Amino acid sequence: MTETETTVRDDPPRTPFEPEDRWVPVDRRWFGLDRVTIIPAAIVLAVAIVMSILIPAVNNSVAYDDEVVAGDVMELKDGITFVPAVGWGITDGVRETDAPVSGSFPQRATLVNSGALFTVYTAPFAGDANALLEQIKKTSDALATAESLRVSGESSSITTASGIRGVITSYSNSTADGVIAAFVVDGKGIEVVSTGPSDVAPTITDDIAHMIVSISHRAGEGS
């Protein structure tokens, strides 16, 4: 009987795979986008398209009878609040003094004035403000048409009066201009979409800016 010698080769240990911070596993991708973030981003994009194309026509033909007065504060789910501009019409949302019977405030508030619209939407989000805004940009590039919005490539940092940090960018289509702002606090995304005609009055622009920086969050709520 012949003995056969088997030589065992010691291969060098494999270096474990260490993905980059922004790497997304294959099972979490959908058309190359992170499925965890695409749903909130798509919601914001859909709201922006509707606001910039459909709602202005309705807004111009339908009068509102719930006008903002001094001292009003709008409240959304999980303790998200903002101060609406006096004189704007409330078409969706609830004042903090008018708590729903269910005890839970809505996720969205929308105001209108002279063809301009302003909406704030909140929902759970598993990323930061930059991630949310970047996802919105990717989604808008995939869905953009001649009539839909196109988000600009430039974005800048913004901090609300209460200290919530976020990012903001502009967008436009064939009929309107606007801004999209994104904030994330305690696992909750706060998305702002505002649109209006390109010749909107400077006072309207100032109102929009003030409403954005008035966004606040009551710590401990909705955590």
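Overall shape of segment 61-139 was characterised from the C-alpha gyration tensor. The equivalent ellipsoid obtained from it has semi-axes of 24, 18, 10 Å, in decreasing order. Available extension along the chain between Ser104 and Asp72 is 9.7 nm, counting 0.36 nm per residue and deducting the alpha carbon span.
Peptides 173-182, 124-133, ordered by how many other C-beta atoms sit within 10 Å of their residues on average, highest first, read 173-182, 124-133.
Full extension of the segment from Asp128 to Ser172, taken as 0.36 nm per residue of separation minus the current Cα-Cα distance, would add 13.4 nm.
Taking a ≥ b ≥ c as the square roots of the Cα gyration tensor eigenvalues, with a/c under 1.5 meaning rounded and otherwise prolate when a/b beats b/c, else oblate, which class fits segment 104-143? Mind showing how you got there, number by number?
Working: a/c = 2.90, a/b = 1.32, b/c = 2.20.
Because a/c hits 1.5 or more and a/b fails to exceed b/c, segment 104-143 counts as oblate.
A crude spin-label estimate for the pair Ser162 and Asp206, with each label 7 Å from Cα along the Cβ direction, gives 2.5 nm. Distances between placed amide hydrogens fall under 5 Å for Ile190 paired with Phe183, Val184, Val185, all partners being 5 or more residues away or on another chain.
Read-outs throughout are calculated quantities, based only on the coordinates presented, and are distinct from any laboratory measurement. As the structure is a prediction and not an experimental result, all values here were calculated from the model. As a convention, Cβ positions derive from the backbone with ideal geometry for all residues, glycine included, and neighbour counts pool all protein chains shown.
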